[in-house]
Structure formats: structure tokens, C-alpha cells
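Colleague: After the C-alpha cells below, expect a handful of questions from me.
The values are calculated or read from the model by the stated rules, or taken from the named source; none is laboratory data. Nothing here was measured: the structure is a model prediction, and the numbers come from that model. Positions of Cβ are backbone-derived with ideal geometry, glycine not excepted, and every protein chain shown enters the neighbour counts.
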């Protein structure tokens, strides 16, 4: 059985436990995913469907080998956790997860564009006094004589967000097998309708 699924972030809401506690959750449309290819120690899953106009012949041929009518929109490879790997063309659904299980969710964070160091890294900025012109500037960025250059990795203004990020130790609160929905406690990276991958994970949750 595969250890993960490809899904789509639908948004956030809350669910109530038996004792009336409100739990913030993110709703993920996880699968169903078709098995496109079986590899050594892993399974390639496909999610969604590409439009024929934007699909290459190679993508169509790759999907036809698995018996699929259209090429998947997203392809990801997941390891197999014991047992036999599913056959190409079969479906993997959200029922591979159970309530209370720990998962890790990977997605692309929201893009923030070009930002300064105050917004990007939380710098304190310069003095806020009248007439000052260093309110949000980074200050000195390197020594002068030695080494006479800016050290690699220096925190400076630049593009923020739109990066791959994995949130670890999230707990599954509810699994809706009829609607292929996964309710995960806490926030996950990405904007609404963003593509994410959900995989099983051992260890403690950051919410415990």
C-alpha cells in the first residue's frame, strides 16, 4: 500500500469533538489517485486530468500504458509501506488514512513578491525618529576591508514565498471516504485550491 496521496487544499474550517472543543482543521480533497507506474520501492500516482490541448504525446503514451484515458494533471512518487504494490490503473483513495494518524503535508507557499528585510525576515529596522531615512533599511551588509564582499546567505531583500514547504506532525481529525475529504488539524502550506501531497509520518505532533 502506498504511504501518501496527492490532493487539493479546499480551505479551513473547524470541527467539534465530543466534549465540545473546537478544533481548527484544513480540508483536503485527497484523491482518488490513479496508479500510473510501479517503480522499485515506489508507486507513481496521478491526480486530476490534463486538457487534451495542453497534453504532449509523451504524457498521453505514459498514461495509456496504465490504461488511463487522459494524462494526469500532477504526478508524484510515493514509497510502498509493506505488502504488494497496487497494479497500474488501479485507484488509491483517502481510506488509506485513519483518524488520529500523523501525516506530513507538502505544498507551495503563497507568493509574496519582492519584499524588504523587515517583512521578509522580521528585522527591527532603523530609528523611527523625525527626519530619519533608515526606517526599513537592512543597515550594513558586509565588512569593508576584509573580506570586502557580501557573505553568501546574507539576509537581504528579495523574492518571498512561492517555495516548497513541508509541514510535519499534523494529525488527521476526520476522514470522509464518500467525498474523498481529509480533515487535518492545523494549517498547511499553499493557497486555496493549491496542489499538496499528504503522506504518513511517525513521531509526535507539534500540537501535542
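Colleague: Would you be able to tell me the number of residues in region 91-135 that are within 20 Å of the chain's Cα centre (by Cα) and part of a helix (DSSP H, G or I)?
Modeller: Of the residues in region 91-135, 3 are within 20 Å of the chain's Cα centre (by Cα) and part of a helix (DSSP H, G or I).
Colleague: Of the residues that make up region 175-184, is at least one assigned to a loop (DSSP other than H, G, I, E, B), out of contact with any helix residue (DSSP H, G or I) (no Cβ under 7 Å at 6 or more places or on another chain) and surrounded by 10 or more Cβ atoms within 10 Å (Cβ to Cβ)?
Modeller: Looking through region 175-184, none of the residues is assigned to a loop (DSSP other than H, G, I, E, B), out of contact with any helix residue (DSSP H, G or I) (no Cβ under 7 Å at 6 or more places or on another chain) and surrounded by 10 or more Cβ atoms within 10 Å (Cβ to Cβ).
Colleague: Here's a follow-up. Have a look at 63, 71 and point out the one that is touching a strand residue (DSSP E or B) at 6+ places or on another chain (Cβ under 8 Å) and assigned to a loop (DSSP other than H, G, I, E, B).
Modeller: After ruling out the rest, the residue left standing is 71.
Colleague: Is it true that residue 46 is surrounded by 12 or more Cβ atoms within 10 Å (Cβ to Cβ), outside the structural domain of residue 103 (by TED's automatic domain parsing), assigned to a strand (DSSP E or B) and within 16 Å of the chain's Cα centre (by Cα)?
Modeller: So residue 46 fits the description; yes.
Colleague: Among the listed residues 25, 77, identify the single one that is out of contact with any helix residue (DSSP H, G or I) (no Cβ under 7 Å at 6 or more places or on another chain), under 30 Å from residue 175 (Cβ atoms), assigned by TED's automatic domain parsing to the domain that holds residue 177 and assigned to a strand (DSSP E or B).
Modeller: Going through 25, 77 in turn, just one is out of contact with any helix residue (DSSP H, G or I) (no Cβ under 7 Å at 6 or more places or on another chain), under 30 Å from residue 175 (Cβ atoms), assigned by TED's automatic domain parsing to the domain that holds residue 177 and assigned to a strand (DSSP E or B): 25.
Colleague: Select from region 146-171 the residues that are under 22 Å from the mean Cα position of the chain (by Cα) and in a loop (DSSP other than H, G, I, E, B) and write down the one among them that is nearest to residue 118 (Cα to Cα).
Modeller: 161
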